[in-house]
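Taking it in order: structure first as structure tokens, then the write-up.
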Amino acid sequence: MSTRFDSALQTLRGSWNRFAEEVGGRLLVWVLGGDEVPLVEAMLVAESDARAAEVPDLFVQIRTPFGSPEEYSAAVRQEFLTQYVDSWEALPESERPPRFSAAAGSLQATCAAFLTHHERVFEHLVLVFHPSEVSDEEAFALWLGQTAKQAAPTPRLRFLVLLPRGKGESLAASIVKAAEGRARIETPDLNVPELLETLSRQAGNLGSPGGRFRHLFVQLSSAIGAGDLAQAERLGNAALAITKAQSWPSLGVAVNFALGGGLLAAGRLPEALAKYQAAQTGAEHAAQTGESAAGALVLRSQLAVAATQVRSGDYLAAAATYEKAAPIAESQADLRMQLECHRMAAFCHESTGSPPLAWAAAQRALAVAQQMDPAMRATSTLPYLGEALARLSRENLPGLTPSLVSEQLRQLLGVS
């Protein structure tokens, strides 16, 4: 393995270990570049394997979307317990420790009881927050700050929050302020572009089409990270020429996705949309040739097109794209994305001033939610659908009343 890769992982481990040794600290915020997140993921995966772990702590990743503080605590608790049960059951029977059984209670009480149950297995329980969606950043910061303060009597309970560099700094500052001395921020310097280029050179075969493509894609990613979009497009065009000559449509999708993401971040929405549409065309071509992963690429590219249309304010086009993507999500047996397609179609119809179409899409989303088990619902975007239903209930649609919406949400979420 690359020495630079090892060095990057040690930078992350060192940052965490220094924080773990602090007596009063409870929450650490890592502000990361987009290309640094995979390294953090790699560290967390390595630390979950007893054979590779170097940090004496248990890291549990929490991806539950943040909707409201009242619902989030229960949803985080449920996701934590679900992951624990899944991990425990995956162990060979001969290696299973005594199973932890959680009594009813708060997130803090459950974590404290879990730590007592595993007194000698690890030093800290670390909940790693990287939510798939945050509807209210101010409320999220207050929730994290309050959670960090509530953990003061439990020194073995810690929290790690992953935020994006650029737009994440203000949220990080709000979290630290809300935590009142229990949190701090670090920005690890991982030098990912240099790391990736080193790994690519070490892999060799730069004279082959595959080797040339790999190195071009690494350089392309570095150019995007540096904000040099002109250079990124030159490298991207060279990489696309290889994918066309070698009939590698899936790799062409990856190139267009990377370029689309860079252009989107720069606010160049029409150009980003064109790249995502090119990615969609490539994914559909890959599906026609029988590539096994092409269905997922088609879905991902359509969702990227739709999200860019939403950001551009073209809600009518976005609604049509989400509605086209929903059957693909169904064919992939992806209930989360199927729900999201219908939910976002409802949002787009609502934004164009078409409550009846929004209500119809919302009902399709509810039908998907009914297929989910309670744990999946708790970590889905169903709460945001509930907010949309509450708004639509005030639109005087035939047969739609606030009491009907309240009953639907009570049945699915246990709340009204």
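Just one of the listed residues (Ser174, Ser170) is buried (at least 16 other Cβ atoms within 10 Å of the Cβ) and without any contact (Cβ under 8 Å) to a residue 40 or more places away in the chain, namely Ser174.
A count restricted to segment 226-245 and to residues that are within 28 Å of the chain's Cα centre (by Cα), in a helix (DSSP H, G or I) and touching a residue at least 24 places away in the same chain (Cβ under 8 Å) stands at 4.
Checking each residue of segment 310-318 against the condition of being part of a helix (DSSP H, G or I), under 20 Å from the mean Cα position of the chain (by Cα) and hydrophobic (A, V, I, L, M, F, W, C) gives at least one match. Which of the residues spanning segment 319-371 are not aliphatic (A, V, I, L, M) and not in a helix (DSSP H, G or I)? Those that are not aliphatic (A, V, I, L, M) and not in a helix (DSSP H, G or I): Gln332, Asp334, Thr352, Gly353, Ser354, Gln370, Gln371.
Scan segment 297-323 for residues that are of a type in the set (D, E, K, R) and over 15 Å from Thr281 (Cβ atoms) and jot them down. Passing the criteria: Arg311, Asp314, Glu323.
Looking at segment 97-142, which of the residues that are assigned to a strand (DSSP E or B) and at pLDDT 90 or above is farthest from the chain's Cα centre (by Cα)? So the residue we want is His124.
Applying the condition of being at pLDDT below 90 and among the charged types (D, E, K, R) to segment 324-382 and asking which residue is nearest to Leu303 (Cα to Cα) yields Arg377.
So Ser292 ticks every box in (1) over 23 Å from Ser312 (Cα atoms); (2) free of Cβ contacts under 8 Å to residues at least 24 places away in the same chain; (3) in a helix (DSSP H, G or I) but one. Which box is left unticked? For Ser292, the exception is condition (3).
Listed here are the residues, each with its yes/no results for (1) more than 21 Å from Gln61 (Cβ to Cβ); (2) modelled with pLDDT of 95 or more.
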{"site": "Gly145", "(1), (2)": "no, yes"}
{"site": "Ala148", "(1), (2)": "no, yes"}
{"site": "Pro153", "(1), (2)": "yes, no"}
{"site": "Leu160", "(1), (2)": "no, yes"}
{"site": "Pro164", "(1), (2)": "no, no"}
{"site": "Gly168", "(1), (2)": "no, no"}
{"site": "Ala173", "(1), (2)": "yes, yes"}
{"site": "Val176", "(1), (2)": "yes, yes"}
{"site": "Ala179", "(1), (2)": "no, yes"}
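The residue pairs whose first member lies in segment 20-35 and is within 16 Å of Ala173 (Cα to Cα), whose second member is aromatic (Phe, Trp, Tyr) and assigned to a strand (DSSP E or B), and whose beta carbons are closer than 7 Å, counting only pairs six or more residues apart or on different chains, are Arg26/Phe159; Leu27/Phe159.
Take the conditions (1) crowded, with 19+ Cβ neighbours inside 10 Å; (2) touching a strand residue (DSSP E or B) at 6+ places or on another chain (Cβ under 7 Å); (3) free of Cβ contacts under 8 Å to residues at least 60 places away in the same chain; Gln83 misses just one of them, which is (1).
If you go through segment 52-68 one residue at a time, do you hit one that is modelled with pLDDT under 85, on the phi < 0 side of the Ramachandran plot and part of a helix (DSSP H, G or I)? Scanning segment 52-68 turns up no residue that is modelled with pLDDT under 85, on the phi < 0 side of the Ramachandran plot and part of a helix (DSSP H, G or I). Please work out which one of (1) in contact (Cβ under 8 Å) with a residue 60 or more places away in the chain; (2) surrounded by fewer than 20 Cβ atoms within 10 Å (Cβ to Cβ) is the condition Gln108 fails and give its number. Status for Gln108: all satisfied but (1).
Checked against (1) at pLDDT below 85; (2) farther than 30 Å from Asp6 by Cβ; (3) within 15 Å of the chain's Cα centre (by Cα), Val76 passes all but condition (1).
The C-beta contact set for segment 132-152 (first residue not assigned by TED's automatic domain parsing to the domain that holds Ala378, second residue in a helix (DSSP H, G or I) and small (Gly, Ala, Ser), distance under 6 angstrom, 6+ apart or interchain) comprises Ala141/Ser174; Ala141/Ala178; Leu142/Ala178; Gly145/Ala178; Gly145/Ala179; Ala148/Ala179.
Any chance segment 280-292 includes a residue that's within 25 Å of the chain's Cα centre (by Cα) and at pLDDT below 90? Yes: segment 280-292 contains one or more residues that are within 25 Å of the chain's Cα centre (by Cα) and at pLDDT below 90.
The values are calculated or read from the model by the stated rules, or taken from the named source; none is laboratory data. Keep in mind that what you see is a predicted model, and the values were worked out from it rather than measured. Don't worry about glycine lacking a Cβ; one is built from the backbone with ideal geometry, like all the others, and counts go over all protein chains shown.
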